[in-house]
Amino acid sequence: MASLKDLLAQRAALDQQIAETKDRERSDAIAKVRSLMSEYGLSVADLSAKVPKAVKTSKVAVKYRNQATGETWSGRGLQPKWLKAAIGAGAKLDDFHV
């Protein structure tokens, strides 16, 4: 069985190998990217200029509100649990209309 000192030495050696491999692979990746950029005539500006902007979505107006809790529903999609429970207890959908 290995001693703690031996295990710590192995760990240090592995940490060193990990760092060296990480640096080598990173350097290889950078060289590969530079090669591709050179091959296709790309610059750093080309990489960031083609990003599409996010599409703005409009919010849907609230159609139903639970007066007790302030929870709301737009009327789209599945009915929320609070509304299903209220309707199941005898309330009408129109009771929550805004």
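Of note:
- Hits in region 35-73 (condition: polar (S, T, N, Q) and modelled with pLDDT under 90): Ser43, Ser48, Thr57, Ser58, Asn66, Gln67, Thr69
- Pair list, Cβ < 6 Å and 6+ apart or interchain, from region 67-91 residues that are on the phi > 0 side of the Ramachandran plot to residues that are part of a loop (DSSP other than H, G, I, E, B): Gly75/Lys63
- Subset tally (residues that are under 29 Å from the mean Cα position of the chain (by Cα) and exposed (fewer than 12 other Cβ atoms within 10 Å of the Cβ)) for region 75-98: 4
- Filter pass, Lys56 being without any contact (Cβ under 8 Å) to a residue 24 or more places away in the chain, outside any helix (DSSP H, G or I) and out of contact with any strand residue (DSSP E or B) (no Cβ under 8 Å at 6 or more places or on another chain): yes
- Residue match in region 18-27 (condition: more than 26 Å from the chain's Cα centre (by Cα) and surrounded by fewer than 10 Cβ atoms within 10 Å (Cβ to Cβ)): no
The values are calculated or read from the model by the stated rules, or taken from the named source; none is laboratory data. Treat the numbers as computed from the prediction; the structure is a model and nothing was measured. Neighbour counts are summed over all protein chains in view; Cβ atoms, including those assigned to glycine, are modelled from backbone coordinates with ideal geometry.
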